[in-house]
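The values are calculated or read from the model by the stated rules, or taken from the named source; none is laboratory data. Quantities reported herein were computed from a predicted structural model and do not represent experimental measurements. With ideal geometry, Cβ positions are generated from the backbone for all residues, glycine too; neighbour counts draw on all protein chains shown. Side chains included, ligands, DNA and RNA excluded: accessible areas come from the protein's heavy atoms. Shrake-Rupley method; radii C 1.70, N 1.55, O 1.52, S 1.80 Å.
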Amino acid sequence: MFKLAHLSDPHLGPLAGFSLHQLLGKRATGYVNWRRKRRHAHDMNVLALIVADIRAQAPDHVACTGDVAHIGLPNEFKTAVTFLDTLGPRDAVSFVPGNHDAYAPSSLKPLASHLGPWCADDVGAAGYPWYRRRGPVALIGLNSGIPTLPLMATGRLGQAQIAKAEILLNRARNEGLIRVVLIHHPPYVGGARRARELVDAEAFEAMLARSGADLILHGHNHTFSLAWRPGLGRDVPIVGVPSASIGPLGHGEMATWHLFKIEGDASAPQISVEQRGFEPDGTVMLRQEIALHAKPV
């Protein structure tokens with residue numbers, strides 16, 4: 001059995017070490033939003049409990065699907081390096097960015113330089129999509145994070161990335177691997193409300209119908225979700241995880257992570273997911289377990 005931990009949207013804090021010049025443009029409104037809401041909602045003590053629970057379950061690999069940052073400041077990515085190192089050895093942790101990581105054009109270079117070790121392929125090459133083989137599993141990482149206008153949180157993959165993802169999905173199928181896709185935005189039509197959606201979700205769905213996948217993991221909405229979309233030969237489960245750091249002062253679902261148990265082979269994968277989350281009494285506990293055996297088309 002291969003155990004894969006999934007967390008997302010930790011929104012690390014506090015914000016520190018920035019200049020007023022760095023708060024020009026979209027970051028100004030983002031900073032006000034952090035001061036008023038996010039710094040209270042995202043509790044780093046709660047996140048520490050989530051991380052401790054992840055380590056206690058001894059997963060074979062950990063996947064973080066973005067939004068380690070709030071407003072994409074360079075120092076936020078330095079904080080993210082420290083955080084990702086708490087999850088396990090670097091070859092046992094993977095990362096794809098979210099919209100808050102790609103908050104502004106000036107975020108992109110420090111994002112790539114600091115977090116490169118967690119989003120490079122098996123030969124160390126940077127870029128998206130990346131391909132990592134871990135045991136019986138092929139991990140394929142996509143980047144949906146793009147700089148957007150204020151009050152927008154949309155994502156985009158682009159034709160080139162979707163085409164390359166299709167090649168990698170076909171490669172993994174030919175290698176007899178169970179295929180797991182990591183992405184920040186929910187990659188299906190209707191997966192997020194307007195101004196927060198993946199704008200080319202329809203094109204991704206069309207590609208998925210041609211090539212298939214065994215599991216897709218995302219964050220972004222800060223809520224649990226399970227959707228099914230047509231794949232090659234069987235439907236594909238698409239699972240969204242809540243934020244890993246929402247505490248008692250936040251709204252909606254409190255901090256949660258998912259533990260996927262992957263068995264079988266590429267012809268008949270057997271996948272289940274444990275929801276493990278923070279409770280008001282200060283503990284992290286199992287909430288429910290769901291079987292995700294792929295549905296035949």
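Ignoring ligands, DNA and RNA, what percent of the 1.4 Å accessible area of the chain is carbon and sulfur?
Exposed carbon and sulfur together represent 56 percent of the surface.
How large is the charge dipole for the range 2-291, taken about the Cα centre, if only the Cβ atoms of Lys, Arg (+1) and Asp, Glu (-1) carry charge, to the nearest 20 debye? Please report the intermediate quantities before stating the final value.
Working: 29 positive and 26 negative charges, 154 e Å.
Magnitude of the dipole: close to 740 debye.
Per residue, how many Å² of accessible area does the chain show with a 1.4 Å probe?
That works out to 41 Å² for each residue.
What list of ³J(HN,Hα) couplings, whole Hz, do you get for the range 267-280 from phi and the Karplus terms 6.51, -1.76, 1.60, once you set θ to phi - 60° and write x for glycine and proline?
Once θ is set to phi - 60°, the couplings for the range 267-280 become 6, 8, x, 10, 10, 10, 10, 9, 8, 10, x, 6, 10, x Hz.
Which order, highest average first, do 7-15, 171-179 follow once you tally other Cβ atoms within 10 Å for each residue and take the mean per peptide?
Ranking, from highest mean packing down: 7-15, 171-179.
Once label points are set 7 Å from the Cα along Cα→Cβ at both V123 and T223, what is their separation, rounded to one decimal in nm?
With each label point 7 Å from Cα toward Cβ, the separation is 4.3 nm.
Which of the peptides 251-258, 213-220 is most tightly packed, and how do the rest follow, going by the mean number of other Cβ atoms within 10 Å of each residue?
213-220, 251-258
Report Rg/Rh for the chain, rounded to two decimals, where Rg is the Cα radius of gyration and Rh the Kirkwood radius.
Using only Cα positions, Rg/Rh for the chain is 0.94.
Please give the contour-minus-distance gain from I290 to R35: 0.36 nm per residue of separation, less the Cα-Cα distance, rounded to one decimal in nm.
Value of the extension gain: 88.1 nm.
In whole Hz and in residue order, list the ³J(HN,Hα) couplings for the range 143-154 that follow from phi through the Karplus curve 6.51 cos²θ - 1.76 cosθ + 1.60, θ = phi - 60°; x for Gly and Pro.
Result, ordered by residue: 10, 9, x, 9, x, 10, 5, x, 6, 10, 9, 6 Hz.
Could you tell me what percent of the DSSP beta bridges with both partners in the range 11-164 are antiparallel, to the nearest 5?
65
Residue by residue, what Karplus-based ³J(HN,Hα) values in Hz, rounded to whole numbers, does the range 198-212 have, using 6.51, -1.76 and 1.60 with θ = phi - 60° and x for Gly and Pro?
Couplings: 7, 6, 10, 4, 5, 5, 5, 4, 4, 5, 4, 5, 7, 10, x Hz.
Using modelled backbone amide H atoms (1.01 Å from N, in-plane), which distant-in-sequence or interchain residues come within less than 5 Å of R229's amide H?
Close amide H contacts, sequence-distant or interchain: V236, I238.
Once amide H atoms are built 1.01 Å from N in the peptide plane, which residues 5 or more positions from S94, or in another chain, come under 5 Å H to H?
V62, A63, C64
Using a Debye calculation, one point per C-alpha and no hydration shell, please list log10 I(q)/I(0) for the range 17-176 at q = 0.08, 0.09, 0.10, 0.17 Å⁻¹ in order.
Normalising to I(0) and taking log10 leaves -0.26, -0.33, -0.40, -1.09.
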